[in-house]
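To start, the structure itself, in structure tokens.
The values are calculated or read from the model by the stated rules, or taken from the named source; none is laboratory data. Note that the structure is predicted; figures quoted are calculated from it, not measured. So basically every Cβ, Gly included, is an ideal-geometry build from the backbone, and we count neighbours across all protein chains shown.
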């Protein structure tokens, strides 16, 4: 089957990524940066490849069903590391 996520949640995750993360994810996974951008809703299929996402209309931007969550997993890992690094390493980010 696939992993469902709302389109707006996918965009929120993209918006939380630090600058340059698309290139970092692409390098780590050995794909073109445009492929990573396409995963988050981009449409440059001349340079990037489709990423196995299927969209259905609905609330919160609709539902996206992901065939492969590898890019999403790496993005979440980057966000978690970024959040952990804020606050001077004291673990008090967001307090």
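Points worth noting:
Let's see how each residue does on (1) modelled with pLDDT of 90 or more; (2) more than 19 Å from residue 2 (Cβ to Cβ):
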{"residue": "26", "(1), (2)": "yes, yes"}
{"residue": "30", "(1), (2)": "yes, yes"}
{"residue": "38", "(1), (2)": "no, no"}
{"residue": "41", "(1), (2)": "no, no"}
{"residue": "45", "(1), (2)": "no, yes"}
{"residue": "52", "(1), (2)": "no, no"}
{"residue": "55", "(1), (2)": "no, no"}
{"residue": "60", "(1), (2)": "no, no"}
{"residue": "71", "(1), (2)": "yes, no"}
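- Residues that are over 9 Å from the mean Cα position of the chain (by Cα), at negative phi and free of Cβ contacts under 8 Å to residues at least 24 places away in the same chain, drawn from region 9-23: 19, 23
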